[in-house]
Amino acid sequence: PYLFNVAAGSFASATRVAHSSPELWQGICAENRVALVEALRDYRQELDTVLAALESGDDTALLAAFEAGRR
C-alpha cells in the first residue's frame, strides 16, 4: 500500500510489534499490570485534554497540551 511507501523507517519498527506473538505481549502486560494501568490512565487523561481542546476549538489549550508534551 501507498502508506508503506511514504512512512519512515520507525513506522516499520513500530508495526513489527503488531506481528509479534499475542501470548508474548499478554505476558509482558500481565507482569507489568500496575505500571501499565497507571501509564494508560495518564495517557487517557492527556488524550481527553487534546480531544476537549479540539472539540471546543480551544487553540490555546491545544497549544498548551503540545507544549506540555514536549517538556
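The values are calculated or read from the model by the stated rules, or taken from the named source; none is laboratory data. The structure displayed is predicted, hence computed values, not measured ones. Cβ sites come from the backbone with ideal geometry, for glycine too, and all protein chains shown count toward neighbours. The accessibility values were calculated without ligands, DNA or RNA, using every heavy atom of the protein model including side chains. Shrake-Rupley method; radii C 1.70, N 1.55, O 1.52, S 1.80 Å.
Details
- Residues that are β-branched (Val, Ile, Thr) and more than 20 Å from Val17 (Cβ to Cβ) within region 29-66 comprise Val34, Thr49, Val50, Thr60, listed in sequence order.
Condition check ((1) open to solvent by 80 Å² or more (accessible area, probe 1.4 Å); (2) of a type in the set (Phe, Trp, Tyr); (3) at pLDDT 95 or above; (4) under 18 Å from the mean Cα position of the chain (by Cα)) across all residues:
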site: Ala12; (1), (2), (3), (4): no, no, no, yes
site: Pro22; (1), (2), (3), (4): yes, no, no, no
site: Cys29; (1), (2), (3), (4): no, no, yes, yes
site: Asn32; (1), (2), (3), (4): no, no, yes, yes
site: Ala39; (1), (2), (3), (4): no, no, yes, yes
site: Arg44; (1), (2), (3), (4): yes, no, yes, yes
site: Gly57; (1), (2), (3), (4): no, no, yes, no
site: Thr60; (1), (2), (3), (4): yes, no, yes, no
